[in-house]
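Below is one structure, written out as C-alpha coordinates, with a few remarks after it.
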Amino acid sequence: MAVSEELAAHALGDFALNLVRDIYTSDQFAFITDGLAVRALQEIQDVLDKEELTDFECIDKIVGIFYRYNLNTSRHDFG
(Lines give C-alpha, C1' and ligand atoms only; values in the text may rest on other atoms or scores of the structure.)
Protein backbone atom coordinates (compact mmCIF):
# COMPACT_ATOMS: atom_id res chain seq x y z
CA MET A 1 0.00 0.00 0.00
CA ALA A 2 1.32 3.45 -0.88
CA VAL A 3 2.19 5.87 1.91
CA SER A 4 -0.66 8.19 0.95
CA GLU A 5 -3.13 5.30 1.14
CA GLU A 6 -1.81 4.22 4.54
CA LEU A 7 -2.13 7.77 5.86
CA ALA A 8 -5.65 8.04 4.46
CA ALA A 9 -6.59 4.66 5.97
CA HIS A 10 -5.43 5.75 9.41
CA ALA A 11 -7.16 9.13 9.12
CA LEU A 12 -10.41 7.53 7.97
CA GLY A 13 -10.13 4.92 10.70
CA ASP A 14 -9.76 7.64 13.33
CA PHE A 15 -12.66 9.56 11.82
CA ALA A 16 -14.88 6.45 11.81
CA LEU A 17 -13.91 5.63 15.40
CA ASN A 18 -14.90 9.10 16.54
CA LEU A 19 -18.25 8.76 14.76
CA VAL A 20 -18.88 5.40 16.39
CA ARG A 21 -18.07 6.83 19.82
CA ASP A 22 -20.56 9.64 19.20
CA ILE A 23 -23.33 7.32 17.98
CA TYR A 24 -23.06 4.25 20.20
CA THR A 25 -23.20 3.91 23.96
CA SER A 26 -20.22 2.35 25.70
CA ASP A 27 -22.19 -0.93 26.05
CA GLN A 28 -22.91 -1.01 22.32
CA PHE A 29 -19.30 -0.19 21.54
CA ALA A 30 -18.14 -2.96 23.89
CA PHE A 31 -20.42 -5.39 22.06
CA ILE A 32 -18.48 -4.70 18.86
CA THR A 33 -15.02 -4.99 20.39
CA ASP A 34 -15.80 -7.92 22.71
CA GLY A 35 -16.53 -10.18 19.76
CA LEU A 36 -13.18 -9.37 18.22
CA ALA A 37 -11.43 -9.92 21.55
CA VAL A 38 -12.98 -13.36 21.96
CA ARG A 39 -11.91 -14.35 18.45
CA ALA A 40 -8.35 -13.18 19.11
CA LEU A 41 -8.26 -15.07 22.41
CA GLN A 42 -9.53 -18.22 20.70
CA GLU A 43 -6.78 -17.96 18.11
CA ILE A 44 -4.18 -17.47 20.85
CA GLN A 45 -5.52 -20.48 22.75
CA ASP A 46 -5.36 -22.58 19.57
CA VAL A 47 -1.69 -21.65 19.18
CA LEU A 48 -0.91 -22.42 22.83
CA ASP A 49 -2.58 -25.83 22.50
CA LYS A 50 -0.23 -26.88 19.67
CA GLU A 51 2.26 -29.01 21.59
CA GLU A 52 4.53 -29.35 18.55
CA LEU A 53 5.43 -25.65 18.60
CA THR A 54 8.50 -24.42 20.43
CA ASP A 55 8.09 -21.50 22.83
CA PHE A 56 9.67 -19.19 20.26
CA GLU A 57 7.30 -20.36 17.51
CA CYS A 58 4.38 -19.95 19.90
CA ILE A 59 5.28 -16.36 20.73
CA ASP A 60 5.90 -15.58 17.07
CA LYS A 61 2.45 -16.86 16.10
CA ILE A 62 0.78 -15.00 18.98
CA VAL A 63 2.43 -11.76 17.91
CA GLY A 64 1.17 -12.47 14.39
CA ILE A 65 -2.35 -12.68 15.79
CA PHE A 66 -1.86 -9.34 17.50
CA TYR A 67 -0.78 -7.78 14.21
CA ARG A 68 -3.76 -9.28 12.34
CA TYR A 69 -6.02 -7.50 14.80
CA ASN A 70 -3.95 -4.31 14.50
CA LEU A 71 -2.72 -4.63 18.08
CA ASN A 72 0.90 -3.59 18.09
CA THR A 73 3.53 -4.74 20.53
CA SER A 74 7.10 -3.52 20.89
CA ARG A 75 8.22 -6.65 22.77
CA HIS A 76 8.72 -8.71 19.61
CA ASP A 77 11.71 -7.30 17.80
CA PHE A 78 14.25 -10.07 17.34
CA GLY A 79 15.97 -8.21 14.52
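Quick notes on this one:
- Any hit, the range 42-52, residues being in contact with a Cys (Cβ under 9 Å, 6 or more places away or on another chain) and of a type outside the set (A, V, I, L, M, F, W, C): yes
- Those helices (runs of 4 or more DSSP H) of the chain in which at least 2 residues are modelled with pLDDT of 90 or more and in contact with a helix residue (DSSP H, G or I) (Cβ under 6 Å, 6 or more places away or on another chain), considering only elements entirely within it, cover 26-48, 55-68.
- Tabulated pairs, the range 46-72, first within 30 Å of HIS10 (Cβ to Cβ), second of a type in the set (Lys, Arg) and modelled with pLDDT of 90 or more, C-beta under 7 angstrom, 6+ apart or interchain: VAL47/LYS61
- Check on ASP60, exposed (fewer than 12 other Cβ atoms within 10 Å of the Cβ) and not hydrophobic (A, V, I, L, M, F, W, C): no
The values are calculated or read from the model by the stated rules, or taken from the named source; none is laboratory data. In this text the structure is predicted, and so the values were computed from the model without any measurement. Here Cβ is always computed from backbone atoms with ideal geometry, including for glycine, and neighbour counts include all displayed protein chains.
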